[in-house]
1. So for the range 26-37 (the condition being under 19 Å from Ala105 (Cα atoms), of a type outside the set (D, E, K, R) and touching a helix residue (DSSP H, G or I) at 6+ places or on another chain (Cβ under 9 Å)), does at least one residue qualify?
2. Kindly establish whether Asn748 is in a helix (DSSP H, G or I), in contact with a Pro (Cβ under 9 Å, 6 or more places away or on another chain), buried (at least 16 other Cβ atoms within 10 Å of the Cβ) and not charged (D, E, K, R).
3. Looking at the structure I just gave you, is Lys760 more than 37 Å from the chain's Cα centre (by Cα) and of a type in the set (Lys, Arg)?
4. What are the residue pairs meeting all of these: first residue in the range 643-670, first residue within 18 Å of Lys47 (Cα to Cα) and in the same structural domain as Arg722 (by TED's automatic domain parsing), second residue outside any helix (DSSP H, G or I) and charged (D, E, K, R), Cβ atoms under 6 Å, and 6 or more apart or on different chains?
5. If you take the residues in the range 393-431 that are among the acidic types (Asp, Glu) and in a loop (DSSP other than H, G, I, E, B), which one is nearest to Met599 (Cα to Cα)?
6. Can you pull out the residues in the range 76-106 that are more than 19 Å from Ile41 (Cβ to Cβ) and either touching a Leu at 6+ places or on another chain (Cβ under 9 Å) or at pLDDT 85 or above (or both)?
7. Looking only at the range 106-115, decide whether some residue is under 14 Å from Leu60 (Cβ atoms) and either crowded, with 16+ Cβ neighbours inside 10 Å or touching a residue at least 24 places away in the same chain (Cβ under 8 Å) (or both).
8. Quick one: what pairs do we get from the range 617-640, first residue over 13 Å from Ala595 (Cα atoms), second in a loop (DSSP other than H, G, I, E, B) and among the hydroxyl-bearing types (Ser, Thr, Tyr), C-beta under 9 Å, 6+ apart or different chains?
Amino acid sequence: MRLTLATLLAYLDNVLEPADSQALAEKIEKSDFASGLVMRIRSISRKLRMGAPKVEGKGLGRDPNSVAEYLDGSLAPERIGEFERLCLESDVQLAEVASCHQVLAMVLNKPADVPANLRERVYELAKKAEAARLAGPSRLDSSHSPIHDGAPPVPPKPSSAATSATTLQPPSENGKVADPVAPPVAKTMVVPDYLKAAQGSGNWLWAVALATVFLIAVGALRLMGPFDGTHPLAKLLGMGGATVAVVPAQPNGDPLENPNPILNPNANSVPPPLVPGIPADPAENPGRATLPGDQLPVLNPPMPLPGEGVPPLPIPVTPVPVEPAPGEARTVDPVDVKPIVPPPPMPLPVPPPVDPLTPAEPKPLEPIPVEPKPIEPMPTVVPAEEVDAGRYTSDEQVLAQLVADPKMKTNLWYRLAPRSPLTSGQRFIVLPSYRPHLTLATGLQAMFAGESAFRMDKPTQPGSAAMTIEYGRVVLVSVGAAGGQIELNLAGLKGVVTLADADAAVAIEVRRFLPPGISADDPRAELVRVIDLFALGGRVVWQPTGDGVDKAEAIEIPASQVVIYLADELPRMAGPFEQPTWVDAKSLPDIERRASLDMEAELPLDKPLDIALAEHATGRRVEIRSLASRSLAALDQFEPILAELNDPRQYSYWAADIDSLRLALTRSTDTAGRVFATLQNQRPENAKLVYEMLLGASDEQLTSGAAEKLVKALESSDNDVRVVALDSLRRITGLMLMYRPEKPLASNTTSIQKWREKLKDNLITNRIPPSPLNEYKPLTP
């Protein structure tokens, strides 16, 4: 059976025959890619906050029908390869296909469990339906008929028992009349309880709905105004205009208190009863004067006019500007109307609004002497020999700068602000997964890729640029102008790079190689320096300089060719090759790119970078925790990344964490010593074992006992020991044998036994001899 994505999913979901499953298991063990894909599928299927394709997506990789056709086996053969390629390139697409396949496998492999009593009830339905059909049409309660419309049912006409019995007796198979089947007919005539409940509840539901609608309408009308002649609806219908009500005196001569609580807080909450008789039509009261529409009094409900001989008492009201309706005149009775005098302000239950026309005079603020905190801490003393070297131009990247802190009398790492100038003497570190861009003084652009360390230097020639690259990867590009130069110090190898063409570009990688089995904390351990200069395009010229090479000839590197410096050997040129994958920004996984953007947005400029990263290393999101721990390891702080290896939730990022630790061992003997010291502080009982496994082993060391230690470490009770042991075995043999370090030891018994068999057969040796040289893919025509 071929090993494809479809067969791999079938193997993982246990839907294959035992022979086919065993054959695929052997193929998966022999294939590094297949073993890694198995781990990847299992990790992304359990990963939280994993996205999903859109329901209405378009295209082969986004259309849900494509997933259905692929799982059903009906996808066109010429489209299967492209679909599987999209799945392998996208974690979201791969998780979607794997999850759907797992659901289908669970549903289709297990037969439906139908209870016996339910099965018997379903069988009886056919018999009852046949009996009801032979008995004639069933009769339900007559209230269900649309003719009655809720009226009481009409009783059926009486019929003789003989007729009913004849009607309800179906013929038997021999032609004779069978026994009456009255019970089935009686059941069909009974109205279910839920129908009776629904029938009786319909009327009161309608009543509640109508009452609710009525109350909502009344409330809406009341919000528009009081129910009198001033209501907007009354004005619209011409039922009356706004009038000034004159309140009559009480029979005992006491004036009637105003029931408006705003004008008279001591009034009762219940207004006095209204007396009908006030004419609402102005035509019925001639002689009324019109009141300008810009000021209308706040009115109480209309009160009856006083009788003859009773002196009217005007009610003091507060004029409120109101916009009159178009074409409408305000009328008021001119008889005994006195000037309207505003009353003194009364205490209100709410604070009165501030008059916008008379704002309070602002008081001058006394300046408080506050020492400004710089957003971007920089050294206070700038040496005189420092010169301008360029500018940092990235916005969504992180570049760490070593800054002297005069208060603490030490050097601290801070994040460099975007568009900051670069001067000679500054040292920087690029954190993992970030790609900052620099514009140099000579017009060249430098783009660092991943973990790197460099320093800006003072050039020997005026108008040039100089840089020291301790380790890392960088791409130099000529922007618009030909002939740009930069003086480079590549871990001790000095020279000048000239981009002779306007479209020239060169990729440079500086690294150190630690041979397996040699202790990195030993000062006598030799770290092999390896330098690659890969011409991406255009004319690239490398001129070695320095002591003893003044007369060395310049090397012109053709496009797609690479010049390699290994230790102190003479340079060698090889190629043509395809360009390194790290040059393309798309080589970074999507989840890593999103994590870097999210973490970058939360790293301040005025806070030490190691403190901010330590906060993210204990956060909730596993991808940001791993990135923050690896970033701290780039700053020589290894406590968080070693703690990652003991956290089972971080199993998806253990390989990247171990790569960062191995890279730290190759920086220098001092850095390797810090790693070992951190291990002794955290894991004193297993520090030496973990450290030796990180260093690797040669074939001679493996056969003399190192391989046995690795297999025995798989049975350790410490999670970090098992993680590092499996990673070392994977690098040596290229196999994992389905071992899961995050699982309990009981779950890995079979895998451990397989590793013991490999050890017994002396098969745990370096599959590929460790080499300091990179592997380049030949360029195909």
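1. no
2. The answer is yes for Asn748.
3. yes
4. Sorted first by the residue in the range 643-670, then by its partner, the pairs are Pro648/Glu742; Tyr651/Glu742.
5. Our first condition is that a residue be among the acidic types (Asp, Glu); within the range 393-431, this holds for 395-396, 405.
Subset that is in a loop (DSSP other than H, G, I, E, B): 395-396.
Values: Asp395: 13, Glu396: 10 Å.
So, considering only residues that are among the acidic types (Asp, Glu) and in a loop (DSSP other than H, G, I, E, B), the one nearest to Met599 (Cα to Cα) is Glu396.
6. Selection gives Arg79, Glu82.
7. No.
8. Pro640/Thr618
The values are calculated or read from the model by the stated rules, or taken from the named source; none is laboratory data. As the structure is a prediction and not an experimental result, all values here were calculated from the model. Neighbour counts run over all protein chains shown; Cβ positions are idealised from the backbone, glycine included.
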